[in-house]
Amino acid sequence: MQVAALDPPTNVFIVEDSEVIRRRLAGMLGDMDGVTVVGEAETPREALEGILRTRPDSVVLDLHLIGGSGLDVLRQAHPQTPGTVFIVLTNHPNAQYRRACMEAGAAYFFDKSHDIEKVRDVIAGLGTTHH
């Protein structure tokens, strides 16, 4: 009888300037089977360095960061990490931001106040389809 190999973990990097929300996301995602939070950042520079260093399967990305924009991070990181799924989670879910993020390579765009649970669903789905 063969034992099925376990799927490799889904690695997630969190970019969020609010420590409370960052902790909530890290707890929510870290509790999921097969998900590892490989890093966290609150500034664009930390985010870019961390994403390029860890090459995560997915990035949960806030748009408003300390000292800059998550959109800038997306525009710089996505071309260098084409296999990474970027999930934008923002308090500013207007059409202009959504369009800019999708054009820059975001796979998902969620409203932080209503859709935070959807992040878990997307990342759970990555574990089954990404590898």
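Worth a mention:
- Listed by first and then second residue, the pairs linking a residue in the stretch 30-51 that is under 18 Å from Glu19 (Cβ atoms) to a residue that is in a strand (DSSP E or B) and of a type in the set (Gly, Ala, Ser), with Cβ atoms under 6 Å apart and 6 or more places separating them unless they lie on different chains, are Pro44/Gly68; Ala47/Ala41; Gly50/Gly39; Gly50/Ala41.
- Within the stretch 27-69, the set of residues being under 17 Å from Phe110 (Cβ atoms) and touching a Phe, Trp or Tyr at 6+ places or on another chain (Cβ under 8 Å) comprises Ser58, Val59, Val60, Leu61, Leu63.
- With a requirement of 2 or more residues that are closer than 19 Å to Ser113 by Cβ and among the charged types (D, E, K, R), none of the strands (runs of 3 or more DSSP E) lying completely within the stretch 1-94 satisfies it.
- Condition check for Asp72: buried (at least 19 other Cβ atoms within 10 Å of the Cβ), at pLDDT 95 or above and closer than 19 Å to Phe110 by Cα: no
- Matching entry among Ala95, Ala104 (being buried (at least 19 other Cβ atoms within 10 Å of the Cβ) and on the phi < 0 side of the Ramachandran plot): Ala104
- Within the stretch 52-70, the residues that satisfy the criterion of being within 16 Å of Asp17 (Cα to Cα) and either out of contact with any Leu (no Cβ under 8 Å at 6 or more places or on another chain) or aromatic (Phe, Trp, Tyr) (or both) are Val59, His64, Leu65, Ile66, Gly67, Gly68.
- Taking residues in the stretch 63-77 that are over 13 Å from Tyr97 (Cβ atoms), and partners anywhere that are in a strand (DSSP E or B) and β-branched (Val, Ile, Thr), the pairs with Cβ atoms closer than 8 Å and at least 6 places apart or on different chains are Leu65/Val15; Val73/Val15; Ala77/Val59.
- Scanning the stretch 59-106 for residues that are among the hydroxyl-bearing types (Ser, Thr, Tyr) and under 27 Å from Ala124 (Cβ atoms) yields Thr81, Thr84, Thr90, Tyr97.
- Total residues in the stretch 18-50, condition surrounded by 19 or more Cβ atoms within 10 Å (Cβ to Cβ) and farther than 22 Å from Gly83 by Cβ: 1
- Across the stretch 78-92, the number of residues qualifying as surrounded by 12 or more Cβ atoms within 10 Å (Cβ to Cβ) and more than 10 Å from the chain's Cα centre (by Cα) comes to 5.
The values are calculated or read from the model by the stated rules, or taken from the named source; none is laboratory data. What you see is a predicted model; the values in this text were computed from it and never measured. Cβ coordinates were reconstructed from backbone atoms using ideal geometry, including for glycine residues, and neighbour counts include every protein chain displayed.
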